[in-house]
Structure formats: structure tokens, C-alpha cells
């Protein structure tokens, strides 16, 4: 499913500047002694561990940023800093222009209740409540009447394809169905920002693929601003508008899936991309020639800009002439040449 680019709002929904999360008994003393200037080596020499190391980035309205890394890379710690489930050691975080780290407990509770939705790897459903009651529960906590909460929960049941299971208890559901309830519950409060920390990692591969499809379907309807954490590079490639790849608390590269596959910034990132079947990731717009092509050498065939190369490769290779790439309105925005397809299919060099 193609994801539409979203126009940037006046200010980013999430903005991080120089965010550090440092673990260690001496951290506070070291921060004071260094006047807030963090020298990584001296902190590490003192036994400190960097969960997040100087993270700076922005997330636009409606964008899905997938934070990807192996166990211990800092991806979940970063999410917990941005949701303020963990206190940040240094740096600044703004949510919709508001200083997250300056908020008092009351303001933070209000922000979480009204703007943030969270889904974690563990489903954390209440075993004595039905599907409908589990989804309605956070709304009742907010003070919504039981009737209104049930009405809203029923709409979420329909949205997440749980119709017919409203009165089931969690023990009567499969893992995938339980995770749908968790997703429905987090969506019930209509969050502007959605945090998901490895939500599908406990599911078997087939159910996981179904949940990814479901997630993309929901996002195409809801257009939430999303921070999604995973250790699975294939999952990141499928879901992301942009991917941030982390190692030892550092964001090694943050870019579109296509640019990460085509131009890995570090050896570490390249290790993830080496085995990626490019034709399943890259779209026509990623490898097309944007320069004017001689009209005599243009094919009568056209391909959509957001079509994955795998789906058009055979047709383009069978054309002697360049194939026009068209946007959503049918306007030609570039051309695909056979040599470009051959590079994607058989060559590691994209140029």
C-alpha cells in the first residue's frame, strides 16, 4: 500500500534536539561537573552507559518514523524518552511546539490522555473484561459516560476487524486478535501521536504479516503521526515513511527506506541492506530518470510512480524504449530505462 507524502505543518509534531539518556550512578555528578557538556568517552570511562546518544530529529504530521535496531541499540529507550516514560538526561523534546521536559505531572497526564496512544509488545489486556470493555476502559478513566465509551469502543471494534468478538474475553482470542484489541484500545482515545514498541514481535510470521497489512490500512485512513519501534528490518521497510537505524544509542542513519537501501551511510547500516531484495523495496520514482527523454524513444506503456519495481520489472524489460513514470494525476514525471531495472535486479551499484 502506498503512503502519501504529507505536507509539513507549521512546526513538527515531534522535535528532539541533542537528546541523551545516560545510565549510571555517577551520571548526575558528571553532568554537574561538566556544566552540561557531555564528553562521551569520559562518561563511559566513569562506567556510564548511553541508552540514547545525541539524538536530534523531527517528525512531521502524519509521518510514520520507524526506529529500528538490534537488542540494546537504544530504540525503545528513545521512544520512552519521547513519551516521557523515562526521564531524559539532557537535551530538549517538543511535542506540537510544547516543551515536554518542562511539563509538570498534571500537564503530562493531560498530554498522554488527549494526544498520545501507546501499544507495546505485551498486550496487557484486562483478563476479566470483554473485548468491548477493554477498549472502553481508558475512555471511562477519562470520565466519558459508559454509553458514550461503549459507542466509541464499538466503532473501534469495527475499524480493527473485531466484529463478532465484542463479548469475548482475552483468553478466548488468538495472539493477533489480542493485539488488535490493544491497537483498538489505544486508538479509542483518538491520539494525535501513536507510539508502538515492537507491537507485533510476539506474533508468528503469518499473523505478523496480517497485522502489518492491517496497520497500513489503518494508517491510510487515520493518518496518525507515528513512532514505531522494531528490530525487524523487513518490517521497517514495509511500514516506514522514514527509518532511523540505531546502534549503541546513536542514530546511524535516518532516511527513506529507498535511500537507506541505495545509499547506506555506514558499514553497520550496509549490513542490514546487503540481503534486501531491492526490487521488493524500491519504487519506480526511486530509480527513474527525471531528465527529459527524447519523445521518439518513449514507450506507449506507462507505470505508476509508487509501483514497486518487482511488479513492473518484466513489462519494462520487454520494452525497447524508455517507459514513462506517471504521478497520481497521470502526469509524466520521469522515465524508467531497462538498464535501471537491470541495476536494481542484478547490480549492487544503483548508478
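Among 60, 73, 145, the order by Cβ neighbours within 10 angstrom, fewest to most, reads 145, 60, 73. Take the Kirkwood radius over Cα pairs of the chain, plug it into Stokes-Einstein at 25 °C and 0.890 mPa s, and you get 110 µm²/s for translational diffusion. For the range 51-106, the fraction of C-alpha pairs farther apart than 19 angstrom is 30 percent.
Would you please put 35-48, 192-205 in order of how densely packed they are, using the mean number of other Cβ atoms within 10 angstrom per residue and starting with the highest? Write down the numbers at each step before the final one.
Details: 35-48: 12.6, 192-205: 18.8.
Taking the mean over residues of other Cβ atoms within 10 Å, the ranking is 192-205, 35-48.
Subtracting the Cα-Cα distance of residue 290 and residue 308 from 0.36 nm times their residue separation leaves 4.7 nm of extension gain. Summarising the label geometry, the points placed 7 Å from Cα in the beta-carbon direction at residue 99 and residue 49 lie 3.1 nm from one another. With N counted as the residues of the range 185-275, its alpha-carbon radius of gyration over 2.2 N^0.38 Å works out to 1.15. Legend: calculated FRET efficiency, residue 140 to residue 342, from the Cβ-Cβ distance at R0 = 41 Å, rounded to 0.05, equals 0.10. Note on the range 65-220: Kirkwood hydrodynamic radius from all Cα pairs is 16.6 Å, rounded to one decimal. For the range 13-82, the direction-averaged projected area of the alpha-carbon convex hull comes to 5.2 nm². By DSSP, the beta bridges lying fully in the chain are antiparallel in about 55 percent of cases. Its Cα gyration tensor gives the range 279-346 an equivalent ellipsoid; the semi-axes, largest first and in whole Å, are 16, 14, 10.
Rounded to the nearest 5, what is the percent of antiparallel bridges among the DSSP beta bridges in the range 279-346?
65
Since every read-out is calculated from the coordinates, none of them should be taken as a lab result. Everything numeric here is computed off the predicted structure, so don't read it as measured data. Positions of Cβ are generated from backbone atoms using ideal geometry, with glycine treated the same way; all protein chains shown enter the neighbour counts.
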